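Input: a single structure, listed below in structure tokens.
The values are calculated or read from the model by the stated rules, or taken from the named source; none is laboratory data. In this text the structure is predicted, and so the values were computed from the model without any measurement. Quick reminder, even Gly has a Cβ in these numbers, built from the backbone with ideal geometry, and neighbours come from all protein chains shown. SASA here: full protein model, heavy atoms, side chains in, ligands and nucleic acids out. Shrake-Rupley method; radii C 1.70, N 1.55, O 1.52, S 1.80 Å.
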Amino acid sequence: MEFKICTVGELLVEFLAKENNQRFDQTGEFIGPYPSGAPAIFADQVAKLGFPVILFSCVGKDSFGKMCINRLKKDGVIIDGITSHSMANTGSAFVSYQDHSDRDFIFNIPNSACGLLSFNHIDEKLLKDCNHLHVMGSSLYSFRAIDAMRKALDLIKNKGGTISFDPNLRKEMFNIQEMEQSFGYIMEYTDIFLPSENEVCYFAQNDESEQQTMSNLLNNGIKHIVVKGGAKGANYYGLDEQKCLKMIHVDGFNVDSVDPTGAGDCFGATFVSLLLAGYTVETALQFANVSGALAVSKQGPMEGTSSLTEIQQFLSQHTTI
Ligand code: ATP
Ligand code: MG
């Protein structure tokens, strides 16, 4: 099936604390810069699979920005929607892994070049052949960015396209009120919903079970839901021909988790693009599960994106736990 995906949002560099439990208020060593940003990782994974994808973003006219653009270009992402600004520097994120799979971030997004992303950057001409938009909740970091996202969403929806949405909530972003307010609008148009296990409660009524929440969301028009569960794998929810709740669980693969950041983005990119390409839900889910497992095996958020051949090769050599 012919399709082209569009994503909008942060493209930035990430620095990774060398030690576990490394503190941000004490001097320490960091590894990086790594190209990062949830929509950018998503786009990179789509391109690695060989599908057309365009990213709308802003970086600074600096070496970090150049590095990010070069990586995306090399991997096949269409970079015509990325603007290099001389007025601001490329965004950044610092991450430190804590025990019990906790992570601390320091983000520099709204006050960096990312913060300059606005309505006018969404060029209708570049969106001409796009029929799917992927929305990352983390990209709704300012009124300007929300305006840009809304423009892309309206353009894609008006021509009969589809929308996928990953809330991608970060505790460090909870104070961005605009973000939460825009979630309701995005959900109304969402066809494929990709929350993490701990995000489901934001979309639930009081005291509902996960299954009840999923039934309600599906009855409200969402067609496919995948709840990502880290090392445990993922749960798919949809409606069968009789409009009954259909659930599929995949166990996570037993891999050495080196760096979990970016796994959800790779998982989502693989699931969405394979579904759009006409693969069955079962295959898209299984391949996405591999995509997430491969992502956590590599250090650096965008370093673990993989090709279809790599995914198939992994599948032929591994079974789930
Ligand atoms: P983030 O918190 O970074 O946004 P996420 O919640 O969006 O992450 P995860 O659930 O962490 O996404 O990971 C996505 C998918 O990647 C999982 O559903 C699973 O398929 C795979 N995965 C993640 N972590 C592991 C792991 N340690 N071992 C095997 N597979 C994993
Ligand atoms: Mg995520």
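A few notes on this one:
- A cut-off under 9 angstrom between Cβ atoms defines the neighbours of Ala295, and their net charge, with Lys, Arg +1 and Asp, Glu -1, is -2.
- Over the range 143-275, volume per residue of the alpha carbon convex hull, in Å³: 134 Å³
- Alpha-carbon centroid distance for the pair the range 189-211 / the range 244-321, whole angstrom: 21 Å
- Put a plus charge on the Cβ of each Lys and Arg, a minus charge on the Cβ of each Asp and Glu, and nothing anywhere else: the dipole of the range 128-190 about its Cα centre is then about 160 debye.
- With the simple model of a label 7 Å out from the Cα in the direction of the Cβ, Asp123 to Lys159 spans 1.5 nm.
- Taking a point 7 Å out from the Cα of Phe24 in the direction of its Cβ, the residues of the range 233-270 whose backbone N falls within less than 19 Å of it are 260-262.
- If R0 is 35 Å, the Cβ-Cβ spacing of Thr280 and Lys232 corresponds to a FRET efficiency of close to 0.95.
- The three principal axes of the Cα atoms in the range 1-60 give end-to-end lengths of 51, 24, 14 Å, sorted in falling order.
- Normalised contact order of the range 63-206, rounded percent, pairs of Cα under 8 Å and 6 or more residues apart: 18 percent
- Accessible surface, the chain, averaged per residue in Å² (probe 1.4 Å): 45 Å²
- Net dipole in debye of the range 228-321 [+1 Lys, Arg Cβ; -1 Asp, Glu Cβ; about Cα centre; nearest 20]: 180 debye
- With only Cα atoms counted, the chain has Rg and Dmax values of 18.4, 60 Å.
- Gain upon complete extension [Glu208, Met1; 0.36 nm per residue less C-alpha separation]: 70.8 nm
- Charged-residue dipole, Cβ positions (Lys, Arg, Asp, Glu), the range 1-159 about Cα centre, Debye nearest 20: 540 debye
- Mean Cβ neighbour count within 10 Å, used as a protection proxy, ranking 25-32, 227-234, 48-55, 118-125 highest first: 48-55, 227-234, 118-125, 25-32
- Förster-model FRET efficiency, 35 Å R0, Met67 and Gln312, C-beta, rounded to 0.05: 0.70
- Sum of side-chain charges, Tyr97 neighbourhood, beta-carbon under 11 Å (Lys, Arg +1; Asp, Glu -1): -3
- Of all beta bridges that DSSP places with both ends in the chain, some 45 percent have antiparallel geometry.
- Accessible carbon and sulfur surface of the chain relative to its total accessible area, %, 1.4 Å: 47 percent
- A protection proxy built from the mean count of other Cβ atoms within 10 Å ranks the segments 9-18, 73-82, 242-251, most packed first, as 9-18, 73-82, 242-251.
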